[in-house]
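Down below is the structure, laid out as structure tokens.
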Amino acid sequence: LAKGTAGQVLKINSGATAPEWGTDVGGKILQVKQTIITDTQLISSNAPSFADILNLAVSVTPASTSNKVLVTAHVNISSTSGYRTFARLTRNNTPIAIGATNVSSRLPVTMSSTGAGNQGAIVSMMFLDTPNNASPTNYNVEVSIEGSSGSIRINGELSDADNGSQSRSVSTITAMEITG
């Protein structure tokens with residue numbers, strides 16, 4: 001096989017019988033945006049209502065309507081003992097990557113966690129989004145807690161006591177534009 005030209009990649013031909021030089025057809029990361037929050041937040045948003053995690057948002061303007069955006073979020077969360085927490089990813093304030101809504105009494109969420117109590121847990125999510133636009137696209141994470149008297153703390157234990165058995169952590173959201 002002769003040497004290819006600048007920008008070409010080695011591929012297998014359509015018959016899968018021999019290598020050939022060709023044009024790369026996508027999958028390149030064009031841009032990466034990330035937001036990290038280190039402060040703690042106390043949130044009392046009871047299901048079915050959700051509240052944004054303040055400042056845990058990222059904005060991407062895709063270069064093409066055919067490009068995709070890989071969104072990852074890692075949120076350190078603690079809650080009132082025995083209460084499940086719920087989280088969902090949003091695009092321009094509309095929930096995405098959520099469960100089926102065919103049962104009206106169940107919450108469509110990206111993920112939920114058991115009521116682990118005052119100790120923190122990591123809520124992680126990853127979603128390959130197809131926004132179908134070349135406009136600024138905003139992603140964020142919303143949270144909620146079951147019941148009517150539960151609370152959630154972001155980046156720390158619920159009690160947030162100032163002693164050696166408590167910790168503080170960070171939460172992140174990252175968006176990577178990938179060529180279509």
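The values are calculated or read from the model by the stated rules, or taken from the named source; none is laboratory data. Just so it is clear, the model here is predicted, and its values are computed rather than measured. Methodologically, a virtual Cβ is constructed for each residue, glycine included, from the backbone with ideal geometry; neighbour enumeration extends over all protein chains shown. Just the protein is used for accessible areas: all its heavy atoms, side chains included, with ligands, DNA and RNA removed. Shrake-Rupley method; radii C 1.70, N 1.55, O 1.52, S 1.80 Å.
Residue check: is ALA87 open to solvent by less than 60 Å² (accessible area, probe 1.4 Å), assigned to a strand (DSSP E or B) and in contact with a Phe, Trp or Tyr (Cβ under 8 Å, 6 or more places away or on another chain)?
Details: open to solvent by less than 60 Å² (accessible area, probe 1.4 Å): yes; assigned to a strand (DSSP E or B): yes; in contact with a Phe, Trp or Tyr (Cβ under 8 Å, 6 or more places away or on another chain): no.
In short, no.
Yes or no: region 94-110 includes at least one residue that is touching a residue at least 24 places away in the same chain (Cβ under 8 Å), over 16 Å from the mean Cα position of the chain (by Cα) and open to solvent by 30 Å² or more (accessible area, probe 1.4 Å).
Yes, the conditions are met somewhere in region 94-110.
Could you list, in sequence order, all residues of region 135-180 that are in contact with a Ser or Thr (Cβ under 6 Å, 6 or more places away or on another chain) and open to solvent by 50 Å² or more (accessible area, probe 1.4 Å)?
Matches in region 135-180: PRO136, ASN138, VAL170, GLY180.
Yes or no: GLY22 assigned to a strand (DSSP E or B), without any contact (Cβ under 8 Å) to a residue 40 or more places away in the chain, open to solvent by less than 60 Å² (accessible area, probe 1.4 Å) and not charged (D, E, K, R)?
yes
I'd like to check something: does region 141-159 contain any residue that is among the hydroxyl-bearing types (Ser, Thr, Tyr) and under 24 Å from ASN92 (Cα atoms)?
Restricting attention to region 141-159, the residues satisfying the condition of being among the hydroxyl-bearing types (Ser, Thr, Tyr) are 144, 148-149, 151, 159.
Okay, now just the ones that are also under 24 Å from ASN92 (Cα atoms), so 144.
The answer is yes; a qualifying residue exists.
Among the candidates SER14, SER59, SER78, SER66, single out the residue that is in contact (Cβ under 8 Å) with a residue 60 or more places away in the chain and part of a loop (DSSP other than H, G, I, E, B).
Checking each option against the conditions leaves just SER66.
Suppose we keep only residues that are assigned to a loop (DSSP other than H, G, I, E, B) and of a type in the set (A, V, I, L, M, F, W, C) within region 41-56. Which one would you say is farthest from PRO131 (Cα to Cα)?
Per the criteria, the residue is ALA47.
Quick one: ILE122 ticks every box in (1) outside any strand (DSSP E or B); (2) modelled with pLDDT of 80 or more except a single one, so which number is it?
(1)
Within region 153-180, count every residue that is assigned to a loop (DSSP other than H, G, I, E, B), small (Gly, Ala, Ser) and closer than 24 Å to VAL58 by Cβ.
The number of residues fulfilling the criteria is 2.
Among the residues of region 8-34, which ones are among the polar types (S, T, N, Q) and touching an Asp or Glu at 6+ places or on another chain (Cβ under 7 Å)?
ASN13, GLN31
Only one of (1) over 15 Å from ALA51 (Cα atoms); (2) assigned to a loop (DSSP other than H, G, I, E, B) is not met by GLY150, so which one is it?
(1)
Could you run through region 51-83 and say how many residues are farther than 17 Å from THR174 by Cβ and buried (at least 19 other Cβ atoms within 10 Å of the Cβ)?
5
Can SER165 be described as over 18 Å from GLN41 (Cα atoms) and either of a type in the set (Ser, Thr, Tyr) or in contact with a Lys or Arg (Cβ under 8 Å, 6 or more places away or on another chain) (or both)?
Yes; evaluated as a whole, the condition is true for this residue.
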